[in-house]
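Participant: Could you have a look at this structure, given as C-alpha cells, before my questions?
The values are calculated or read from the model by the stated rules, or taken from the named source; none is laboratory data. Quick caveat: nothing in here was measured; it's all calculated off a predicted structure. Cβ placement follows ideal geometry from the backbone for every residue including glycine, while neighbour counts extend to all protein chains displayed. Note: accessible area is taken over every heavy atom of the protein model, side chains too, but ligands, DNA and RNA are not part of it. Shrake-Rupley method; radii C 1.70, N 1.55, O 1.52, S 1.80 Å.
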Amino acid sequence: MTCTAYSCQVMATTPAPDTAPAGTPEAPAVAAATATAAPSADPQRARLSKTAVVGRAIALADAEGLDALTIRRLAQELGVTPMALYWHFRNKEELLTGLADQFWSEIDTDVDETAPWAAQLRGLLESLVQVLRAHPSASQLLIAGEKQSPAALEATEVTLDVLRRGGFDPQHASAVARSALWTGLMLAMSEPGYGPSLSEADRTELQRRNRIRLAMLPPDRYPRLVEAAEPMTACHDPGFHYRFGIDVFIRGVQSAADQQ
C-alpha cells in the first residue's frame, strides 16, 4: 500500500571462470577443467538461495536491528563463508535492497474493486501496517533509499488507482498516497516502546522509566501529562493504537474527497 517504494532491483553477479592467456597451449585444458569443476566448485553457494539469504537477514535485522546485519555476521548465521553470499549480493547495500523488496512484496495489493474506495484504501494501509509490525526493521528501510523496486511500484500503482477511482485527481491522489505511507510508518515508529534493537525486557524498562519521568512532573504545571503518564508511555492495547491512527487517516481522506 503506499505511495512509494524502495530501491533498485537486485542484480546477482556470477564471476567469470579463470582462463589462461590466449595463445598458450594450456588454455583449452584449463577451460575444460574449469567447466568440469564449475558445478561443484562452491558447495556453499549450491545450498544457498537468494530467498534463504534474505529470510535469514530479515530474521537477524528484526531481532537485533539493522546495525547488527553485516555480510560477515550473516555468513556466520548461515554457516558459510562471506564469499558464498557475494554470489547473491555484492555488498550490504544490495542486501538491504533485497530486504526492502521483500517487505514491499508482503503488502497485499489484491483489493476488492467492488468495495467502496475508502474500504480498499483502508485495506492497503492495514496491510502495510501489518508488515511494519511483523518486521521491526522494515520502517527504517522503507523510509530510506530510492523507491523503484517492482513490488513497491506495484503498491504505489494500486494505491493511486484506488484513489483515482475515488474521485481524486493525480495531484491529490499522489498527496494522499504519500501520506498513507508516512501514516503507516509513523504508527509503527510511534508505538510506545518502539525500538527495533531492544529486547522485550529493555523495552519494558524503557517504558517504565518514561512513565515515572512523566508521573513525577510538577502536577500544578503539567496536570494532563501527569494524569496521562500511563497511556502516554505504555501500549497495553497495540491494536487500539493502530486502529485509531488508521481511522483518523481514512476519515480525513474521506472528508477531503467530499470537498473535491
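Participant: What is the Cα centroid distance between segment 79-98 and segment 229-260, reported in whole angstrom?
Facilitator: Each part's Cα centre sits 39 Å from the other's.
Participant: Another question, if that's okay. Can you give the net charge of the other residues whose Cβ lies under 14 Å from the Cβ of Asp112, counting K and R as +1 and D and E as -1?
Facilitator: So the surrounding residues net to -3.
Participant: How much length is gained on full extension from Ile143 to Gln254, taking 0.36 nm per residue of separation minus their Cα-Cα distance?
Facilitator: 37.4 nm
Participant: For Leu198 and Met216, calculate 0.36 nm times their separation in residues minus their Cα-Cα distance, and state this gained length in nm to one decimal.
Facilitator: Gain on stretching Leu198 to Met216: 4.0 nm.
Participant: Separate question: Based on the mean of other Cβ atoms within 10 Å per residue, sort peptides 168-174, 125-131 so the most packed one is first.
Facilitator: The densest-packed peptide leads the list: 125-131, 168-174.
Participant: Hey, can you rank 110-120, 185-195 by average C-beta count inside 10 Å, highest first?
Facilitator: Highest mean packing first, the order is 185-195, 110-120.
Participant: If I compute solvent accessible area with a 1.4 Å probe over the protein chains, what percent of it on segment 180-260 is carbon and sulfur?
Facilitator: In segment 180-260, the share of accessible area belonging to carbon and sulfur is 57 percent.
Participant: Right, next: Which distance in Å, rounded to a whole number, links the C-alpha centroids of segment 196-224 and segment 55-75?
Facilitator: 29
Participant: With r as the distance between the Cβ atoms of Trp182 and Ala68 and R0 = 30 Å, compute the FRET efficiency 1/(1 + (r/R0)^6) and round to 0.05.
Facilitator: Result of the calculation: an efficiency of 0.70.
Participant: Return the loop-located trypsin sites (Lys or Arg not before Pro) in segment 182-260 (DSSP other than H, G, I, E, B) with at most 14 other Cβ atoms within 10 Å of their own Cβ; answer none if there are none.
Facilitator: Arg221
Participant: Still on this structure: If you stretched the chain out fully between Thr114 and Phe240, how much longer would it get, using 0.36 nm times the residue separation minus the C-alpha to C-alpha distance?
Facilitator: The Thr114-Phe240 span can extend by a further 42.6 nm.
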